[in-house]
Amino acid sequence: QVQLVESGGGLVQPGGSLRLSCAASRSIFSISVMGWYRQAPGNQREMVATVSDFSGTTYADSVKGRFTISRDNAKNTVYLQMNSLNSEDTAVYYCYVLGRTGGYWGQGTQVTVSS
């Protein structure tokens, strides 16, 4: 059964940090892309960061220099280290994985940046 388990969201003050994790089940074979997307109320889902076997890491302009994506292939896990958070980062963050049989989404984890 395909499963993506996300963790690490929560409430943080402006300027703070959070680390998101997403563990993909072993039933997803040949993962080529892992990444994070986010969706704020009233907005479309947007790419935050991806790590690909083919093209390396990619970041949205709004998070460059603040967020870092990394991947542990042995654990089928992708991480998103988020620093210098601001209110515009408030959103539901979704993990995305592209495997041999298709793309899969996590259930989403809420990140709220507020004082």
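The values are calculated or read from the model by the stated rules, or taken from the named source; none is laboratory data. Predicted, not measured: the structure shown is a model, and the values here were computed from it. Because the Cβ atoms are built from the backbone with ideal geometry, glycine has one as well, and the counts that use them run over all protein chains shown. Just the protein is used for accessible areas: all its heavy atoms, side chains included, with ligands, DNA and RNA removed. Shrake-Rupley method; radii C 1.70, N 1.55, O 1.52, S 1.80 Å.
Leaving ligands, DNA and RNA out of it, report the carbon-plus-sulfur percent of the accessible area of the stretch 1-70 at a 1.4 Å probe.
On the way: 1890 of 3870 Å².
Summing carbon and sulfur atoms, their accessible area is 49 percent of the total for the stretch 1-70.
When the Kirkwood hydrodynamic radius is evaluated over all pairs of different C-alpha atoms of the stretch 75-115, what value in angstrom, to one decimal, is obtained? Intermediate values should be presented prior to the final figure.
Numbers: mean 1/r = 0.0827 Å⁻¹.
One over the average 1/r among Cα pairs gives 12.1 Å for the stretch 75-115.
Residue by residue through the stretch 20-29, which ³J(HN,Hα) values in whole Hz follow from phi under the Karplus form 6.51 cos²θ - 1.76 cosθ + 1.60 (θ = phi - 60°), with glycine and proline marked x?
Couplings: 9, 10, 9, 9, 9, 5, 5, 6, 8, 9 Hz.
Compute the distance from the alpha-carbon center of the stretch 32-50 to that of the stretch 66-115, in whole Å.
Spelled out, the Cα-based centre of one part sits 8 Å from the other.
Using a simple spin-label model with points 7 Å from Cα along the Cα→Cβ vector, what separation in nm is obtained for Lys75 and Ser115?
About 3.4 nm separates the two model spin labels.
Once the Cα gyration tensor of the chain is found, what semi-axes does its equivalent ellipsoid get, as square roots of 5 times the eigenvalues, in whole Å, sorted largest first?
Equivalent ellipsoid semi-axes, largest first: 24, 14, 13 Å.
For the chain, what is the percent of antiparallel DSSP beta bridges, rounded to the nearest 5?
On the way: 40 of 43 bridges.
Roughly 95 percent of the DSSP beta bridges within the chain come out antiparallel.
Accessible area per residue, 1.4 Å probe, Å², for the stretch 1-95: what's the number? Write down the numbers at each step before the final one.
Details: 4930 Å² over 95 residues.
Counting only protein heavy atoms, the per-residue value for the stretch 1-95 is 52 Å².
Can you compute the modelled spin-label distance between Ser52 and Gln39, with each label point 7 Å from Cα toward Cβ, in nm?
2.2
Build a GNM of the chain with springs between Cα atoms under 10 Å: which of Gln44, Gln13, Gln81 gets the top mean-square fluctuation?
Its mean-square fluctuation being the largest, the pick is Gln44.
What is the Cα convex hull volume of the stretch 1-66 when expressed per residue in Å³? Numbers along the way, then the final one.
Working: hull volume 8.3 nm³, N = 66.
Per-residue hull volume (Cα only) is 125 Å³.
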